[in-house]
Amino acid sequence: MSSKQAISLEFFPPRDIAAQEKLVRSAKQLLALHPEYVSVTFGAGGSTRSGTADTVRMMQNLGCDAAPHLSCIGATRATLGEILDAYREQGIRRIVALRGDLPSGMGGDAGELHYASHLVEFIREHSGDWFHVEVAAYPESHPQSASAQSDLDHFVAKVQAGANSAITQYFFNADAYFDFVERARARGVDVPIVPGIMPITNHTQLARFSTMCGAEIPRWLKLRLTDFGDDKASIKAFGVDVITRMCQQLLDGGAPGLHFYTLNGAESTMAICRQLRLG
Ligand code: FAD
């Protein structure tokens, strides 16, 4: 593997013991790919702040460089400062800084920092250069953005606030990634923009996620997945082929690495990386 094409892996905090055991099994298998780091989501799926911290510690114990995600929506500066200090004490050097989404039922209290760019500014004010700060990028535009142009402006603002690199939302169209990178470069952004890769394992789940996060499943892909019906094994095998081809296209086109949304499973990410001869 070229050192320029590092991979990173994303996990979410498990909700119960069985899920935790599955995560440990998956993580141990995936470590064979020598990821540059693993990241752990924050607040997703009803998990708590301590769920992220505990999972990060578990990943560190497995010998990984672990990067917690941190979202600012609904939080105070004081709380965010405490979290950052605790991570620093734990030896964490990388944070994925996000706005996040207010969970339904939390009312309208958006907290003190309203956008990820504010969080990046806060991290730099509070912790100086201690953390390598990753931010999110949206090749197909964030679903709430007023326009592709304003979404790019807001991405540029995150980098200007001090982000060191970016991970994209997943997509199934490499051209959207290349177009985004080109437009960001034209605006003077020179940090790495790493494509986020979603292995295809479950059609229903993928359709639900994609609607929520604004990732387009192309018509041909939707139709092919529909044809497989409940045949999970065929969906997985087809998914590995499709995603491997897209990853190859991304790497050939200059992507600096790949960030896999593992959904705490190992099989598809392993198969894709093996086909790409990564790790
Ligand atoms: P921002 O960059 O703040 O953008 C959010 C929206 O606001 C965009 O539409 C943007 O155009 C707009 N905007 C930004 N700045 C301004 C401004 N100054 N004025 C007006 N509009 C503005 N969610 C979780 O809950 N937990 C996670 O762990 C998590 N991990 C993620 C990891 C990655 C790699 C990605 C791509 C997403 C992740 N998400 C996670 C989802 C993310 O929290 C949502 O997409 C959220 O809606 C936006 O977060 P952001 O950091 O991109 O926000």
May I ask you to verify whether L98 is modelled with pLDDT of 95 or more, touching a His at 6+ places or on another chain (Cβ under 7 Å) and not β-branched (V, I, T)? yes
Taking T41 and the conditions (1) more than 15 Å from the ligand (Cβ to nearest atom); (2) in contact (Cβ under 8 Å) with a residue 12 or more places away in the chain; (3) surrounded by 13 or more Cβ atoms within 10 Å (Cβ to Cβ); (4) not basic (K, R), which numbered condition does it fall short on, given that it satisfies the others? (1)
Here are some residues: I217, I167, I197. Which one is β-branched (V, I, T), in contact with a Phe, Trp or Tyr (Cβ under 7 Å, 6 or more places away or on another chain) and within 16 Å of the ligand (Cβ to nearest atom)? I197
Residues in region 118-146 that are among the small types (G, A, S), within 9 Å of the ligand (Cβ to nearest atom) and farther than 20 Å from F260 by Cα: how many? 2
Answer residue from region 142-201, given it is among the aromatic types (F, W, Y) and part of a helix (DSSP H, G or I) and is surrounded by the most Cβ atoms within 10 Å (Cβ to Cβ) among those: F155
Is it the case that region 65-72 has a residue that's open to solvent by less than 60 Å² (accessible area, probe 1.4 Å), over 21 Å from S8 (Cα atoms) and outside any helix (DSSP H, G or I)? yes
So A75 fits all but one of (1) at pLDDT 95 or above; (2) under 17 Å from F131 (Cβ atoms); what number is the exception? (1)
Residue check, L102 under 21 Å from the mean Cα position of the chain (by Cα) and not in a loop (DSSP other than H, G, I, E, B): no
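The values are calculated or read from the model by the stated rules, or taken from the named source; none is laboratory data. These numbers come from a predicted model, not from an experiment. So basically every Cβ, Gly included, is an ideal-geometry build from the backbone, and we count neighbours across all protein chains shown. Surface areas here come from the heavy atoms of the whole protein model, side chains and all, with no ligands, DNA or RNA. Shrake-Rupley method; radii C 1.70, N 1.55, O 1.52, S 1.80 Å.
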